[in-house]
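One structure is given here, and the rest of the page talks about it.
Readers should treat all values here as calculations from the given coordinates under stated rules, not as data from a laboratory. Because the structure is a prediction, the values reported are computed rather than measured. Using ideal geometry, Cβ is built from the backbone for each residue, glycine included, and neighbour counts are taken over all protein chains shown.
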Amino acid sequence: MAAAFYPFTGFRSGTGPGDRTLHFERPAETALDQVLDTAAKTGWGLHELPARFTVRTDAEAAAACAQLAARALARGGVAESEAGRGALSPARIAIGAAHRDQAAAIRALLPPEAAGITVDTANRLQGREYDLTVVLHPLSGRRDATAFHLESGRLCVLTSRHRHACVVVARSGIPELLDAHPSTEPVHLNVPVKFPDGWEANQSMLAHLYRT
């Protein structure tokens with residue numbers, strides 16, 4: 001994902017392949033489990049729902065976020081890294097969303113055993129770190145791509161809070177939405193670019209997720 005958010009300055013992780021691992025003690029039983037296994041193996045997973053325009057608090061997407069986190073707990077996740085080995089507890093899982101009402105909808109759907117999982121917006125998650133994160137994509141189910149939902153900093157925060165794995169939940173059709181709302185960021189000649197255009201960051205991130 002470095003190419004999506006640091007295309008101009010470059011970014012090098014402090015750890016390399018194999019330094020951090022995540023696995024589940026119990027085998028996969030559902031499609032959600034398979035997404036979690038992909039994320040545990042590669043660091044990234046995409047749970048894509050059918051294309052549909054929805055209200056902001058998309059009940060199906062919110063339920064998927066809650067279920068993914070709950071399944072990770074139920075399957076007995078174990079994380080290993082330079083910091084040691086430990087069980088994937090609720091305190092080590094976070095679910096991120098763009099809006100507070102989305103976070104509230106997801107939080108309400110968590111089962112009692114997952115009540116300790118953090119569910120919050122990008123602003124409140126910034127600077128925090130978890131073993132596993134689940135992210136509701138800001139453009140999921142939308143008819144338009146506003147500056148708020150395209151903002152690359154917000155997406156960067158949401159998809160960089162994890163030490164081991166991140167699962168993105170999104171409705172199909174985001175690439176088409178982006179194509180219908182091309183970037184309108186002004187281009188200033190001879191001015192160094194400090195942060196990537198949100199349109200390009202989204203395209204790059206989705207391309208990576210589709211490859212996993």
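For segment 68-212, the relative contact order works out to 21 percent when only alpha carbon pairs closer than 8 Å and six or more residues apart are counted.
Taking 0.36 nm per residue of separation and subtracting the Cα-Cα distance, full extension of the segment from Ala180 to Arg100 would add 26.1 nm. Rounded to 0.05, the FRET efficiency of the Thr30 and Asn123 pair, given R0 = 35 Å and the Cβ-Cβ distance, is 0.65.
Neighbour counting of Cβ atoms within 10 Å sorts the residues Asp131, Asp179, Asp33, Asp101, fewest neighbours leading, into Asp179, Asp101, Asp33, Asp131.
Measuring r between the beta carbons of Ala83 and Arg211 and using R0 = 25 Å, the FRET efficiency lands at 0.30.
As an exercise, identify the trypsin sites (Lys or Arg not before Pro) in segment 69-153 lying in DSSP coil whose Cβ has no more than 15 other Cβ atoms within 10 Å. Mind showing how you got there, number by number?
Working: sites: Arg71, Arg75, Arg85, Arg92, Arg100, Arg107, Arg124, Arg128, Arg142, Arg143; in loops: Arg75, Arg128, Arg142, Arg143.
When the trypsin sites (Lys or Arg not before Pro) of segment 69-153 are filtered for loop state and at most 15 Cβ neighbours within 10 Å, Arg128, Arg143 remain.
Arranged from fewest to most other beta-carbon atoms within 10 Å of their beta carbon, Tyr130, Tyr210 become Tyr210, Tyr130. Restricting segment 59-110 to GluC sites (Glu not before Pro) that sit in a DSSP loop and have at most 16 other Cβ atoms within 10 Å of their own Cβ leaves Glu82. Of all DSSP beta bridges confined to segment 39-130, the antiparallel ones make up roughly 50%. Computed on segment 75-133, with alpha-carbon pairs under 8 angstrom and 6+ residues apart, the relative contact order is 39 percent. Taking a ≥ b ≥ c as the square roots of the eigenvalues of the Cα gyration tensor, segment 60-212 is classed as prolate, since a/c reaches at least 1.5 and a/b is larger than b/c. Based on C-alpha pairs under 8 angstrom that are at least 6 apart in sequence, segment 10-117 has a relative contact order of 30 percent.
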